[in-house]
Amino acid sequence: MAEPVKLIGTFGSPFVHRAEVALRLKGVPYELILEDLTNKSELLLRHNPIHKSVPVLLHGDRPAICESLLIVEYIDEAFDGPPLLPIDPYDRAMARFWAQFIEQKCAKPFWMALWLNDGDKREVFVKEAKENMALLESRLHGKRFFAGDTVGYLDFAACGLALVLGVLAEVTGLSLVGEDEFPLLRRWADDYTSEETVKACLPPREQLVAHFSGKKDRIKLAVNAMACQM
Amino acid sequence: MAGEGDLKLLGMVVSPFVVRVRMALHLKGVSYEYIEQDLFNKGELLLRYNPVHKKVPVLIHNGKPVCESLAIVQYVDEVWAASSPSILPTDPHERAVARFWAAYVDDKFFPAWIGIMRAETEEERAKKMSEMAAVVKQLEVALAQCSNGKDFFSGDSVGYLDIAVGCNLFWLDAMRKMFGVVVIDAARTPFFAAWADRFRESDVGKVALPDADIAAEYAKKIQAHRAAAVASK
């Protein structure tokens, strides 16, 4: 009898999405517990006291596992099914390197650029994000997905970029990335979001647009406050 | 050592991230060519093998570079899986926990001590010390959870999380000499302090941790460099 798997998440989070798509690709049934992050539950605070963030994976009685990419690695190692990370150690090291690059050098500056009020500061982040996106795009040459013919760890790591390029551009009304820029990444974003297993755990676009539109002011406040401290 | 192919490590003597990789290679008993880099004057080798970040450490195995210290340590563990000890735990859950805390070290512990190092006034340093206190307290908790009462984060012997944390110790010792600050205080975090002593005395600690004086010297060099840069503006 398999031990129950619970995933604590929140609507629309690309970090939670990573864990969900990993569980689905491995064929692991799970219960999704949705949090309102403006009113964090005792369950979340108990299981992730350090970061107080989602996703959090609960596998049977084991202590919680936090941090989305670590959750993906855990799912890959703890359950049978198709491999999510490359098999070869060198390819695995490359995947881990580029996942970190995406988080720190692409997603972060883009997120800042989308919500900052200060145009000059925004330009700095856009420049940084675009330089790094170009480096990332080179990883897609001759490949459908970052992981190869099927989606894998590095595609999940990049899923937030798919959100940035599509939904968030619409929500903010800011087209930071021109229609003709990064053609390989745009094509990848379309292929990724239409992949069968991914699509099954991605909310419809209109819902994501509505969700982020509703949160817009709150996000802007938080991001602009953070920028002042940087 | 047979069969490991051509192995080079681009490093810098006082980089804790480089020390971390050297510890992993030592644990596996793997021999390699170490090439010291001048980070004020980055050489062709570094720029070629880490064009994205231009940072050390870079492990070059049979001509192929691996970058980012934790990715390198896991790579070494996987390639030399046949050599004991295993650096990461074998159980998937324990691996996830070890990786979580290693990431915490890089996200919170490292910037916290850098903040103490770079503080320009006593007041700022005191502020940074109190921010560090919260981080050190978390690591005391982590140690209790992970070690299960044994000597090291990884149990009876040194492993992934021990080297992830331990590679920073010589800088903490340097700061004690330079500023009189005690980051890991036995009075406030007794387990962590005892672990730090054990780690320094361990085989890998003795072999791979540089002398604190070398770090202090380097800190002075950086300060001078920064002052010169400011003066020339």
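A few notes on this one:
- Solvent accessible area, Å² - A:Cys66, 1.4 Å probe, full protein context: 10 Å²
- Area of A:Arg24 that stays accessible when all protein chains are in place (1.4 Å probe, Å², to 10): 100 Å²
- Compared with the rule-of-thumb size 2.2 N^0.38 Å for a compact globular protein, chain B has a Cα radius of gyration ratio of 1.03.
- Accessible surface, 1.4 Å probe, highest first, among residues A:Leu176, A:Leu184: A:Leu184, A:Leu176
- FRET E, pair B:Glu201, A:Glu179, Förster distance 51 Å, beta-carbon r, rounded to 0.05: 0.25
- Once the 1.4 Å probe is applied to the protein heavy atoms, region B:1-143 comes out at 43 Å² accessible per residue.
- Calculated FRET efficiency for the pair B:Ala187/A:Glu42, C-beta based, R₀ 25 Å, to 0.05: 0.15
- Normalised by residue number, the volume inside the convex hull of the Cα atoms of the protein assembly as shown is 170 Å³ per residue.
- Only Cα pairs under 8 Å and 6+ residues apart enter the sum, and on that basis the relative contact order of region B:1-71 stands at 41 percent.
- Buried surface for the A/B pair, taken as the accessible area of each chain alone minus that of the pair with a 1.4 Å probe, is close to 2100 Å² in total.
- Chain B - percent relative contact order, Cα under 8 Å, separation 6 or more: 19 percent
- Number of Lys pairs (Cα under 23 Å; 8 or more positions apart or on different chains) in region A:3-115: 5
- Region A:24-101: translational diffusion in µm²/s, Stokes-Einstein, Kirkwood Rh over Cα pairs, 10 °C, 1.306 mPa s: 112 µm²/s
- For residues of B:44-52, the mean tally of beta carbons on other chains within 10 Å: 1
- As a calculated quantity, the FRET efficiency between A:Gln207 and B:Glu44 at R0 = 60 Å, using C-beta atoms, amounts to about 0.70.
- Relative contact order (%) - chain A, alpha-carbon pairs under 8 angstrom, separation at least six: 20 percent
- Per residue of A:64-73, other chain Cβ atoms within 10 Å of the residue Cβ number 4 on average.
- Accessible area per residue (1.4 Å probe, heavy atoms of protein chains only) ranks A:Asp88, A:Asp61 as A:Asp61, A:Asp88, with the largest value leading.
- Peptide B:63-69, shielding by other chains (average Cβ, 10 Å cutoff): 4
- Peptides ranked, highest mean first, by Cβ atoms within 10 Å: ranges A:160-166, A:5-11: A:160-166, A:5-11
- Between A:Ile50, A:Ile75, A:Ile65, the residue with the greatest mean-square fluctuation in the GNM of chain A (Cα pairs under 10 Å linked by springs) is A:Ile50.
- For a label point 7 Å along the Cα-to-beta-carbon line of B:Ala82, residues of region B:2-44 with backbone N under 17 Å: B:2-7, B:28-31
- Ordering of A:209-222, A:114-127 by packing [mean C-beta count within 10 Å, highest first]: A:114-127, A:209-222
- For the Cα trace of region A:67-166, dividing Rg by the Kirkwood Rh returns an Rg/Rh value of 1.03.
- Accessible area per residue (1.4 Å probe, heavy atoms of protein chains only) ranks B:Arg200, B:Arg20, B:Arg118 as B:Arg118, B:Arg200, B:Arg20, with the largest value leading.
The values are calculated or read from the model by the stated rules, or taken from the named source; none is laboratory data. No experiment lies behind these values; they were computed from the predicted model shown. Reconstructed Cβ throughout: ideal geometry from the backbone, glycine too, with neighbour counts over all protein chains shown. Please note that ligands, DNA and RNA were not included when accessible areas were found on the heavy atoms of the full protein model with its side chains. Shrake-Rupley method; radii C 1.70, N 1.55, O 1.52, S 1.80 Å.
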